[in-house]
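K.L.:
One structure follows; several queries about it will come next.
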Amino acid sequence: MNAPVQMRKPKETGVPDNKKYLHPLLAKNYGNWKYHDRPRPGVLHHVSHSGDEVWSVRAGTQRQMDVYTIRTLCDIADKFAEGRVRFTIRSNIEFMVSEEKKVAPLIAELEKHGFPVGGTGNSVTMIAHTQGWLHCDIPGTDASGVVKALMDELVDEFKREEMPNRVHLSTSCCEINCGGQADIAIIVQHTKPPVINHDLVANVCERPAVVARCPVAAIRPAMVNGKPSLEIDESKCMCCGACYPPCPPMQINDPENSKLAIWVGGKNSNARGKPTFMKMVASGYPNNAPRWPEVSEAVKNIIRVYKEDARPWERMADWIDRIGWPRFFEKTGLPFTKYLIDDWRGSRYNLNASTHIRF
Ligand code: SF4
Ligand code: SF4
């Protein structure tokens, strides 16, 4: 009789232990901090129960960095900090030092190389952005380019802590928005269904994969000019762009019809209030590389009105909840249409168009 087949056991590696990468004082005092404060914008000061102190200096980066920039930052860490860095979820870099006298020279060196110090407390934080052309297969714009153009305009608000509460910004290079929720988000908006290049479908497209990918079941196999291809029910298509990765002949990006929209009021955390979903408040801005002036003006306007009108500690969503959507549109001067702020009650009709969600 054959011996029973032994199944190979999966290797569960889990999350790697980060302690070996931490600054030694952070590893030593892990979970044992007495208090922290911010001596100035961009600097966090942690004091542990053991009496150790650590100053973390936070600087903005462009997130997608070339080797030269990374070497520059590492050289700064070796010469002006204590050889350790870490990145925050919003692509800021932090340098840790154990003596207060090292803080000022470190800041001077960072600013000499063009890295602004800030992003702490009630500031406009560095914009979190999605992968863009470098790493993803469906972007409709270069999210990191929008970030660079916008942060050049907002850098003073990054360096100060003068907002009512922190302002998280994000940009997403397709409507899938893997960037998550933000107080203000700039998201690509496709305004027409994909145009199918039928000559290519038979050669490069996995038809069952692309049919399955569509969230509203708008794609069907079809024969076109005697060759296997696809067809789209345009009355169902919501122009999401999800079909493009498994089938590049589903062309959805183009300079005329791929626009940018602005969403506001999202929050991932449950600090001070529950997490919230952002809602679209402006649309149809041109995808106008390399500086995106139209969308940049609109974002600066929303930030200016929020800064003037919100009460201390109100996040964007709290402020809008208090004043109401009609006042939000009045105060920002953004034109309101019935297609904006698709709230949960209204979205019932949209969601019922999905093959996955029914209620
Ligand atoms: S937002 Fe869309 S295109 Fe951009 S990285 Fe995420 S999934 Fe890819
Ligand atoms: S764009 Fe989205 S909704 Fe339209 S056909 Fe492609 S996957 Fe379906």
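K.L.:
Order the following by accessible area, largest value first: Thr191, Thr276. Probe radius 1.4 Å; ligands, DNA and RNA are ignored.
P.N.:
Accessible-area ranking of Thr191, Thr276, largest first: Thr191, Thr276.
K.L.:
Could you tell me what a quarter of the Cα convex hull surface of the range 89-182 works out to, in nm² with one decimal place?
P.N.:
Averaged projected hull area, Cα only: 7.1 nm².
K.L.:
Measure off, as a whole percent, the carbon and sulfur share of the 1.4 Å-probe accessible area of the range 261-315, all protein chains present.
P.N.:
Exposed carbon and sulfur together represent 55 percent of the surface.
K.L.:
What's the angle, to the nearest 10 degrees (0 to 90), between helix 67-80's Cα axis and the longest principal axis of the chain?
P.N.:
Value to nearest ten degrees: 20.
K.L.:
Starting from the Cα of Lys227, step 7 Å toward the Cβ, then list every residue of the range 193-215 with an amide N under 11 Å from that point.
P.N.:
Residues passing the 11 Å test: 197-205.
K.L.:
OK, next. With the crude spin-label approximation of a point 7 Å out along Cα→Cβ, what separation in nm comes out for Leu22 versus Arg304?
P.N.:
About 4.4 nm separates the two model spin labels.
K.L.:
Give me the number: length gained by fully extending Ala212 to Trp133, i.e. 0.36 nm times residue separation minus the C-alpha to C-alpha distance, one decimal in nm.
P.N.:
Gain on extension, Ala212 to Trp133, equals 26.0 nm.
K.L.:
Next up: Quick check: convex hull of the Cα atoms in the range 196-250, volume per residue, rounded to a whole Å³?
P.N.:
65 Å³
K.L.:
For the range 1-128, with every protein chain kept in place, what is the accessible area per residue (1.4 Å probe, Å²)?
P.N.:
Computed with neighbouring chains in place, this is 61 Å² per residue.
K.L.:
Another one. Taking only C-alpha pairs under 8 Å that are 6+ residues apart, what is the relative contact order of the chain in percent?
P.N.:
12 percent
K.L.:
Then there's this: Over the range 134-282, what is the relative contact order in whole percent, taking alpha-carbon pairs under 8 Å and six or more residues apart?
P.N.:
Once divided by the residue count of the range 134-282, the mean separation gives 26 percent.
K.L.:
With everything on Cα atoms, drop me the angle between helix 103-112 and the longest principal axis of the chain, reported from 0 to 90° to the nearest 10.
P.N.:
For 103-112 against the chain, the angle is about 40 degrees.
K.L.:
Which value, in Å² and to the nearest 10, is the accessible area of Phe87 when all protein chains are kept and the probe is 1.4 Å?
P.N.:
120 Å²
K.L.:
Figure the gain on full extension for Tyr339 and Ala108 (residue separation times 0.36 nm, minus the Cα-Cα span) and round it to one decimal in nm.
P.N.:
Net length gain for the segment: 78.4 nm.
K.L.:
How large is the accessible surface per residue of the range 134-267, computed with a 1.4 Å probe and reported in Å² as a whole number?
P.N.:
42 Å²
K.L.:
Before rounding to the nearest 500, sum -39500 (n - 2.57) across all DSSP H runs of length at least 4 in the chain and divide by the residue total; then give [θ] at 222 nm in deg cm²/dmol.
P.N.:
Using -39500 (n - 2.57) per qualifying helix, the result is -8500 deg cm²/dmol.
K.L.:
Based on the alpha carbons, how large is the Rg to Rh ratio for the chain when Rh follows Kirkwood?
P.N.:
When Rh is taken as the Kirkwood radius, the ratio is 1.04.
K.L.:
Another question about this same structure. Just want to confirm a number: the relative contact order over the range 63-219, from Cα pairs under 8 angstrom separated by 6+ residues, in percent.
P.N.:
17 percent
K.L.:
Once you put a point 7 Å from the Cα of Asn268 and another 7 Å from the Cα of Met238, both along the Cβ direction, what distance in nm separates them?
P.N.:
That separation, rounded to one decimal, is 2.3 nm.
K.L.:
Sticking with this structure for a sec: Just to compare against my own numbers: the Cα pair-distance distribution for the range 235-279, 5 Å bins, whole % per bin, please.
P.N.:
In order of increasing distance, the bins hold 5, 15, 15, 16, 14, 13, 11, 8, 3, 0 percent.
The values are calculated or read from the model by the stated rules, or taken from the named source; none is laboratory data. The shown structure was predicted, so the numbers you read here are calculated from the model rather than taken from an experiment. Methodologically, a virtual Cβ is constructed for each residue, glycine included, from the backbone with ideal geometry; neighbour enumeration extends over all protein chains shown. Accessible surface areas use protein heavy atoms only, side chains included; no ligands, DNA or RNA. Shrake-Rupley method; radii C 1.70, N 1.55, O 1.52, S 1.80 Å.
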